[in-house]
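S.K.: This structure is in structure tokens; I'll ask about it shortly.
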Amino acid sequence: MKRSEINTLMRNGLSFLKQMHFLLPPFATWTPEEWKTKGPECFEIIDAQLGWDITDFGKGDYYRCGLFMFTIRNGTMKELEKKQGKVYAEKILIVEEAQVTPTHFHYQKMEDIINRGGGNLVIQLWNSDEEEGLSRDDVFIRLDGVKTRVPAGGIVTLKPGESICLPQKLYHKFWGEEGKETVLVGEVSRVNDDFVDNRFFDPMGRFPEIDEDEVPLHLLYTDYKTYYTYYDRSARS
Ligand SMILES: [Fe+2]
């Protein structure tokens with residue numbers, strides 16, 4: 001992705017979030033220059049991979065296949081192993097009409113996906129089999145506390161206010177319903193570690209290649225290593 005495209009998506013995302021009355025924490029709008037002045041007090045932002053995360057999954061066609069995410073809070077795998085500390089995470093996502101997040105599951109992350117407003121969110125589901133393929137078995141999921149059976153590859157549509165609980169190793173693919181508005185999506189989960197925990201059914205890049213045609217407006221969390229002076233001293237390094 002071009003950095004200019006990411007900057008535009010950040011501007012548009014901030015304006016959509018404001019319109020939906022969902023505001024981001026202060027570090028969301030720090031500039032690269034401000035990041036250079038930050039010290040070890042910010043280690044948690046780096047170690048927990050907090051912040052901007054905009055991807056086209058390496059396909060170069062963001063509105064067809066892409067996702068806007070901002071990680072608001074998160075723990076670390078270390079805390080998860082110790083079973084204490086911050087073992088939960090929260091993200092806010094923006095999903096456009098017919099913009100697909102490709103079929104994937106998470107090895108350890110269990111997540112609730114919540115339609116926070118706007119259009120409808122469509123989610124397609126499969127169990128995974130022992131070889132990490134798509135199983136033909138029916139899928140049992142919980143929709144706001146109600147156990148529901150869906151055939152393999154079946155679809156669930158979440159209207160604003162509705163949510164689904166996705167357990168580990170359950171394949172899911174989602175997009176905004178066509179003909180409806182952009183969807184504001186919440187995610188509440190166990191610890192999230194995008195460097196190790198995702199399994200995409202079709203191999204693809206989780207992070208975009210970036211063509212630096214402009215200065216970043218705000219940093220993606222994958223930019224911290226370039227701009228944050230103390231990166232090498234954080235646990236993440
Ligand atoms: Fe997921």
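The values are calculated or read from the model by the stated rules, or taken from the named source; none is laboratory data. Computed from a predicted model, the values in this text were never measured in an experiment. No Cβ is skipped: glycine too gets one built from the backbone with ideal geometry, and neighbour counts run over all protein chains shown.
S.K.: Which one of the conditions (1) modelled with pLDDT under 95; (2) part of a strand (DSSP E or B) does LYS78 fail to meet, given that it meets all the rest?
M.R.: Condition not satisfied by LYS78: (2).
S.K.: If you don't mind, there's one more thing I want to ask. Might you let me know whether region 160-172 holds any residue that is under 14 Å from the mean Cα position of the chain (by Cα), within 13 Å of the ligand (Cβ to nearest atom) and of a type in the set (D, E, K, R)?
M.R.: Within region 160-172, none of the residues are under 14 Å from the mean Cα position of the chain (by Cα), within 13 Å of the ligand (Cβ to nearest atom) and of a type in the set (D, E, K, R).
S.K.: Let me ask you something else. When region 44-69 is examined, which residues are found to be farther than 13 Å from PRO208 by Cα, within 13 Å of the chain's Cα centre (by Cα), of a type outside the set (S, T, N, Q) and part of a loop (DSSP other than H, G, I, E, B)?
M.R.: LEU50 - this is the single residue of region 44-69 that is farther than 13 Å from PRO208 by Cα, within 13 Å of the chain's Cα centre (by Cα), of a type outside the set (S, T, N, Q) and part of a loop (DSSP other than H, G, I, E, B).
S.K.: Can you tell me which residue in region 111-131 is surrounded by the most Cβ atoms within 10 Å (Cβ to Cβ), limited to those that are farther than 21 Å from GLY161 by Cβ and within 15 Å of the ligand (Cβ to nearest atom)?
M.R.: Checking each candidate, the answer is TRP126.
S.K.: Report whether or not TRP126 is of a type outside the set (Asp, Glu) and assigned to a strand (DSSP E or B).
M.R.: Here the answer is yes, as TRP126 does meet what is asked.
S.K.: Could you list, ordered by first residue, the pairs with Cβ atoms under 7 Å in which the first is in region 157-184 and closer than 23 Å to PHE22 by Cβ and not assigned by TED's automatic domain parsing to the domain that holds LYS18 and the second is assigned to a loop (DSSP other than H, G, I, E, B) and within 14 Å of the ligand (Cβ to nearest atom), at least 6 apart or interchain?
M.R.: Correct list of pairs: LEU166/MET110.
S.K.: Now a separate question. Could you give every pair whose Cβ atoms fall below 7 Å, whose first residue belongs to region 81-108 and is over 30 Å from ARG64 (Cα atoms) and without any contact (Cβ under 8 Å) to a residue 24 or more places away in the chain, and whose second residue is more than 11 Å from the ligand (Cβ to nearest atom) and not polar (S, T, N, Q), counting only separations of at least 6 or pairs across chains?
M.R.: Listed by first residue and then by second, the contacts come to GLY85/GLY75; GLY85/GLU79.
S.K.: Within region 17-25, identify whether any single residue is more than 20 Å from GLY176 (Cβ to Cβ), crowded, with 17+ Cβ neighbours inside 10 Å and touching a helix residue (DSSP H, G or I) at 6+ places or on another chain (Cβ under 7 Å), and answer yes or no.
M.R.: Taking every residue of region 17-25 in turn, at least one turns out to be more than 20 Å from GLY176 (Cβ to Cβ), crowded, with 17+ Cβ neighbours inside 10 Å and touching a helix residue (DSSP H, G or I) at 6+ places or on another chain (Cβ under 7 Å).
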